[in-house]
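The values are calculated or read from the model by the stated rules, or taken from the named source; none is laboratory data. Computed from a prediction, not measured in an experiment: that's the story for all the values here. FYI the Cβ positions are ideal-geometry reconstructions off the backbone, even for glycines, and counts take in every protein chain you see. Each accessible area value is taken on the protein alone, full model and side chains, heavy atoms only, with ligands, DNA and RNA left out. Shrake-Rupley method; radii C 1.70, N 1.55, O 1.52, S 1.80 Å.
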There are 4 protein chains.
Amino acid sequence: MATKIVELEKPKLNNPVFIEGLPGVGNVGRIAAGYLAEELKAKKFAELFSSHFMPFVLLHQSSAVHVLKNEFYYYKAKSKKERDMIILIGDSQSVDPEGHYEIVDKILEFVSKFGCKEMFTLAGLSVGDQIKTPKVIGAVSDPELIKKYGKIGIDFDAGARVGTIVGASGLLLGLGRYYSIKGVCLLGETVGFPIIPDPKSAEEILKVIVKVVGTKINLNKLEKKVKEMEEFIKKVESVQRKSLEQLMRPPGEKPADQKEKLSYIG
Amino acid sequence: MATKIVELEKPKLNNPVFIEGLPGVGNVGRIAAGYLAEELKAKKFAELFSSHFMPFVLLHQSSAVHVLKNEFYYYKAKSKKERDMIILIGDSQSVDPEGHYEIVDKILEFVSKFGCKEMFTLAGLSVGDQIKTPKVIGAVSDPELIKKYGKIGIDFDAGARVGTIVGASGLLLGLGRYYSIKGVCLLGETVGFPIIPDPKSAEEILKVIVKVVGTKINLNKLEKKVKEMEEFIKKVESVQRKSLEQLMRPPGEKPADQKEKLSYIG
Amino acid sequence: MATKIVELEKPKLNNPVFIEGLPGVGNVGRIAAGYLAEELKAKKFAELFSSHFMPFVLLHQSSAVHVLKNEFYYYKAKSKKERDMIILIGDSQSVDPEGHYEIVDKILEFVSKFGCKEMFTLAGLSVGDQIKTPKVIGAVSDPELIKKYGKIGIDFDAGARVGTIVGASGLLLGLGRYYSIKGVCLLGETVGFPIIPDPKSAEEILKVIVKVVGTKINLNKLEKKVKEMEEFIKKVESVQRKSLEQLMRPPGEKPADQKEKLSYIG
Amino acid sequence: MATKIVELEKPKLNNPVFIEGLPGVGNVGRIAAGYLAEELKAKKFAELFSSHFMPFVLLHQSSAVHVLKNEFYYYKAKSKKERDMIILIGDSQSVDPEGHYEIVDKILEFVSKFGCKEMFTLAGLSVGDQIKTPKVIGAVSDPELIKKYGKIGIDFDAGARVGTIVGASGLLLGLGRYYSIKGVCLLGETVGFPIIPDPKSAEEILKVIVKVVGTKINLNKLEKKVKEMEEFIKKVESVQRKSLEQLMRPPGEKPADQKEKLSYIG
């Protein structure tokens, strides 16, 4: 099956900027993009699902099932100051190395159909320590973007320190040029444990993004929203981790905590 | 090769309900769906095979080979009280994570061609203890199904306790909406060792299913049938487990019981 | 790339019987089919290569490279007593579980184009002990073949003892019916160490095969030929084993014998 | 997504010889081909990227991202003594066994479109010891090439000692005949630690290559260039190794050096 995108609506967009925030280090990108989509009341218009996500559904309290997916939202500019946007959020990235390329390629092909020429990918950068005011570090697909976005609070001097960007946020930039989409990756500094969401770091990223897209959003509700939002993300992560551990444990060896055992295949 | 469905007949069905019961926890779903197909004398009309099943054939006593497959049966309603059905049973689910999505997608695409709009997926829920009267717990792809099927003995209040549904029974519900098929997953409580089949739990599920499809079936022969049915399913499971152990054992390390060694590639 | 078949010639064949002998337990099938092709001066007409084989080439003494492949030969009957044949031999089977299905499906699709309706797959059956006169055990895709071939020295009563047939010899029979090809698997009893070739067991299989195809071949040169043939097969196996061990060894851990280290990627 | 080649220009070439130098043992091939392309001011005309490379981007000092890729360069002969060339260099080979076949097949299909009939693949041969004057050992896809290129400093008598060639340099030769491209693999003797680049061995290979293509290049700058070139290649290798180690480490087990931890998914 590989990876499929199901379109719910075909919006007409004017030179939209693409903003990606999928789960990752500190969930910084996921929090920032999710908050942005919610505050702007952006509208969902497509869903992506993939055989590179874990093969299970999660149950909500209500007993309704939730299949892992990525979701595309759009926002149409309300004044000349603003820009049209496509925002991508989701439950999961690929759980195997090959899937990242496939999913990122599908995403780029899809957003390019809407005339997208520029993107911002949002991610966390693990620094190992708690930081009072996290910096927003930038990486670019094209040096001219450093000039263009050099004065809105992005640190473009940390390339050597960062070294690599693993997963969708990096590959989107790397493969974007094959679709004529230039991009900036915004990396919010964070402690780096994936399980602890970092709203502080997400907030710093949002302060940059609003300058890019010319939109004002209220950042006051961020911490509260993060708590709601994270409940579900943490659940996905926890099940995913247990599944992976089970798949990688040599047969015959018992899990560390027998009670935590995931019953494989319902 | 991926996954192929071979059609043996093209039945015309009237708004059929799709019922899935593949191997899983306590083989509850497999037993219930298999018994239903047999009691109704449902007719096989398609077979699915996949490179995500283990690459071997089993030998019957007669020296005839049996290749792992899933089988589609249909049943045409004999009165206005009954509903047409497509019943899916089989020897195996995908043995790797990616295969689940591919197989489930193929199944949904296939049954949607017959006008299927509703499905029931049958599975077991591991509870760790022997239970005298196992409950049938429900999960839904759409909350309105809780209203529709709230009064036929399904417990729709256990979502939080269940948490996740791994494999086909869950993914069919999760991906079903992309094919406009709504679904209920019926989870029969069971001890949870996959090797011990649980006819009691399957019976409770069948009591629910007959109300859904308006058909009467005799449940007296269930335990006897289970014994016949399980002989083969246990054999598949046992060989599959040994194969997986062998594939995952570090080279050079000997299997726990040398005599149990599976001779890889005949 | 998956799996490709390159045709060198398009022979016209009359109801050919397909005979498969790829590497496996005791290399019984490979030896028998290879000897048959050589004695009959059968002509190569197609080659199969696959990304499911190990990614290396072997070097002959002459410094010419040898890429792993499977080879199709044909033989045209010289009298009414004989039957046309397609013989498949090769260096390797799939090294991952998924590849077996894909390769077998390609093979069946290919030979069915030549009007093939019947096949014999040749393999070894590991029995753990040296046996003076190895039996030839049969498995069938269709019980009527037991009647048809019941009187030419095949033991059709050992199904329960065999249990499973892993790899191409089994799957060809299992998937053959989707291409309307019926088949018998001939399993020659052998000790079961894959590295020790067993010409005795191969000879017993050849005695059966000549009765099936109505051809006479001289079996005297078998042991001598086996020695020549096996040199190369053992080399493939040895490199394959080392490669797999290296791929599965946790990084950082040294191989048992440092000198045996395979330099991965030339 | 698998593997894609993006064409930047469509050069018209006259019977070009294809020269491949991807990372491998001692990076001998990569160094030789990279130096050749640079000295000849060959022009890049296509890029290959693949889901079989590691799913990350590297950051340059400038904060510009670098996606892993292979690059095709062409060189047009400036006199009748010279030959047109296609030179392939790159950051990575496939990190999984299956990818090698797919990538090599794509490369062969691509270069055959430009009328390529002959190729030289450049690689290192691990010999375990420092060698003062490394030999250049040859392997061929066709014995007639031994005659054709027997007198330009290639040792064609070491086939048995080499045994196998793993990865692109070997498979290109092995699969080349399906595209009517004959080839020689030049293996420069080297110590064999992949992390230590070996300009000495690369130099010996270049001395052979210039005779093949009839071009003169200045070899004096080789050691200096190698130092520049290798900085980046070593970085890719180091990240790749850490990623692989992390993917293969049993969950729960800590990496040898906690500080070296690669933060998976930014």
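Inter-chain neighbour count for B:1-7: the average number of beta-carbon atoms from partner chains within 10 Å of each residue's beta-carbon is 4. Taken over chain C, the percentage of Cα pairs per 10 Å bin, counting from 0 up to the bin with the maximum distance, is 7, 30, 37, 20, 6, 1, 0.
After finding the eigenvalues of the alpha carbon gyration tensor for segment D:96-245, what semi-axes result from the square roots of 5 times each, listed largest first in whole Å?
Values: eigenvalues 115, 90, 52 Å².
One finds semi-axes of 24, 21, 16 Å for segment D:96-245.
Under a Cβ-only charge scheme (Lys and Arg +1, Asp and Glu -1), can you give me the dipole magnitude of segment A:141-231 about the Cα centre, in debye to the nearest 20? Mind dumping the intermediate values first?
Numbers: 14 positive and 12 negative charges, 85 e Å.
Value, rounded to 20: 400 debye.
At a threshold of 40 Å², the residues of segment B:148-164 that become less accessible to a 1.4 Å probe in the full protein assembly than in their chain on its own are B:Gly159, B:Ala160, B:Gly163, B:Thr164.
Measuring r between the beta carbons of C:Ile196 and B:Glu9 and using R0 = 51 Å, the FRET efficiency lands at 0.55. Scanning residues 5 or more positions from C:Lys69 or on other chains, those with amide H under 5 Å from its amide H are C:Asp91, C:Ser92, with H placed 1.01 Å from N in the peptide plane.
Leaving ligands and nucleic acids aside, the D/A contact buries around 3100 square angstrom of accessible area in total at a 1.4 Å probe radius.
Less than 5 angstrom separates the built amide H of A:Phe45 from those of A:Phe72, A:Tyr73, A:Tyr74, all sequence-distant by 5 or more or on a different chain.
Shown in residue order for segment D:131-136 are the 3J(HN,Hα) couplings computed by the Karplus curve 6.51 cos²θ - 1.76 cosθ + 1.60 at θ = phi - 60°: 10, 5, 10, x, 7, 10 Hz (x for Gly and Pro). Taking the helices alone, the protein assembly as shown has a mean residue ellipticity at 222 nm of -10500 deg cm²/dmol, built from -39,500 (n - 2.57) per DSSP H run of at least 4 residues and averaged over all its residues. Our summary gives segment C:89-235 a relative contact order of 32 percent, counting only alpha carbon pairs under 8 angstrom and 6 or more residues apart. Placing a label point 7 Å from Cα along the Cα-to-Cβ direction at D:Ile131 gives distances to the equivalent points in the other copies of 4.9, 4.9, 6.9 nm, listed shortest first. Normalised by 2.2 N^0.38 Å, where N counts its residues, the alpha-carbon radius of gyration of segment D:46-88 equals 1.70. Compute the separation of the alpha-carbon centres of segment A:1-50 and segment C:123-171 and state it in Å as a whole number. Here the answer is 57 Å between Cα centres. Shielding by partners for peptide C:78-91, expressed as the average number of C-beta atoms from other protein chains within 10 Å of each residue's C-beta, is 0. Inter-copy label distances at A:Lys224, using a point 7 Å along Cα-to-Cβ, come to 6.6, 6.6, 9.3 nm with the shortest given first.
Give the whole-number value, in cubic angstrom per residue, of the convex hull volume spanned by the C-alpha atoms of segment C:1-99.
Numbers: hull volume 13.2 nm³, N = 99.
Given the Cα convex hull of segment C:1-99, per-residue volume reads 133 Å³.
Taking the Cα centre of the protein assembly as shown as reference, the dipole from Cβ charges on Lys and Arg (+1) and Asp and Glu (-1) amounts to some 2140 debye. Based on C-alpha pairs under 8 angstrom that are at least 6 apart in sequence, chain D has a relative contact order of 23 percent.
Placing unit charges on each Cβ (+1 for Lys and Arg, -1 for Asp and Glu) gives the protein assembly as shown a dipole about its Cα centre, and among D:Gly153, B:Ser112, C:Gln61 the Cα reaching farthest toward its positive end belongs to B:Ser112. Computed on the Cα trace of the protein assembly as shown, the radius of gyration divided by the Kirkwood hydrodynamic radius gives Rg/Rh = 0.98. On chain A, 52 percent of the accessible area sits on carbon and sulfur atoms, based on a 1.4 Å probe. In segment C:1-149, a dipole from Cβ-located charges (positive for Lys and Arg, negative for Asp and Glu) runs towards its positive end, and of C:Leu48, C:Gly99, C:Gly21 it is C:Gly21 whose Cα lies farthest in that direction. Put a dot 7 Å past the Cα of C:Lys113, heading toward its Cβ, do the same for C:Asp157, and the two dots end up 4.4 nm apart. Copy-to-copy label distances for D:Ser62, where each label lies 7 Å from Cα along Cα-to-Cβ, are 5.2, 5.2, 7.3 nm in order of increasing length. Note that segment A:118-208 presents 39 Å² accessible area per residue, ligands and nucleic acids not counted, probe 1.4 Å.
Computing FRET efficiency as 1/(1 + (r/R0)^6) for D:Lys182 and B:Tyr178, where r is the C-beta to C-beta distance and R0 is 51 Å, gives about 0.55. Mean sequence separation of contacting Cα pairs (under 8 Å, at least six apart), scaled by the length of segment D:22-158, corresponds to a relative contact order of 26 percent.
What do you get when you divide the Cα radius of gyration of segment A:154-218 by 2.2 N^0.38 Å, with N the number of residues? Working shown, then result.
Details: Rg = 13.5 Å, N = 65, 2.2 N^0.38 = 10.7 Å.
Against the compact-globule rule of thumb, the ratio is 1.25.
Test of understanding: extend the Cα→C-beta vector of A:Lys221 to 7 Å, then name every residue of segment A:15-51 with backbone N under 14 Å from that spot. Backbone N within reach: A:34-42. Take each residue in B:42-55, count the other chain C-beta atoms within 10 Å of its C-beta, and the mean is 4.
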